[in-house]
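What follows is a set of notes on a single structure, which appears directly below.
Just so you know, all these numbers are worked out from the coordinates, no wet-lab data involved. Note that this is a predicted model, so its numbers are computed, not measured. Note that we place each Cβ from the backbone using ideal geometry, even for glycine, and neighbour counts take in every protein chain shown.
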Amino acid sequence: MKTTITAKGMVVTPAISNRVMKKTQTMSRYLRPETEMFIRLRRERDERIVEITVPMRDVTLRAEASSPDNLFMSIDRALAKLERQILRHRTKLDKRLREDISVEEEPEFIEDVPMEERKVRQVVREKTYTLRPMSREDAIMQMDMLGHNFFVYIDLDSDQTHVLYLRRDGDLGLLVPET
């Protein structure tokens, strides 16, 4: 497994790098040897935030965790979230993950603190991504694994762009363009 560590607003010391490499090697029992893992460390105010992204053929696993002034705790929490994602979706991912997963773990959700409301909203980040044709079920699974509240995809049947989103009541909504 190839691990890439990047940092923003902090320096990656050998101790941090060694700790990350040691912890991520335990994930090799779930992932194929050629899998890449991208770890992004950043510091915002008093928070140490760790984002882990594992892109695979048709699925992207992503976990993010933060803790005040403790990077190592953030790393452990993010890896635990990633492991829970794999275990929760292992039947759906069995084509992409190894079949020797035998450890069960109870999910422990960490409440995210809502961001402050802004009076004037502005675009502060722009992201590009590849749209892939997929079924509605695959889009639901991908959105769930990313932990996002929406997902944009191209529908296999209609070849149109659809937006899947999480409603306030916990159900899902689907935006389909009129033709």
Legend entry - Order by protection proxy (mean Cβ within 10 Å, highest first), peptides 37-50, 160-173: 37-50, 160-173
Inset, instruction - Note the direction-averaged projected area, equal to a quarter of the hull surface, for the Cα convex hull of the stretch 1-98, in nm². - result: 5.8
Legend entry - Karplus-derived 3J(HN,Hα), 6.51/-1.76/1.60, for each residue of the stretch 143-150, Hz, glycine and proline x: 4, 5, 6, 6, x, 8, 9, 8
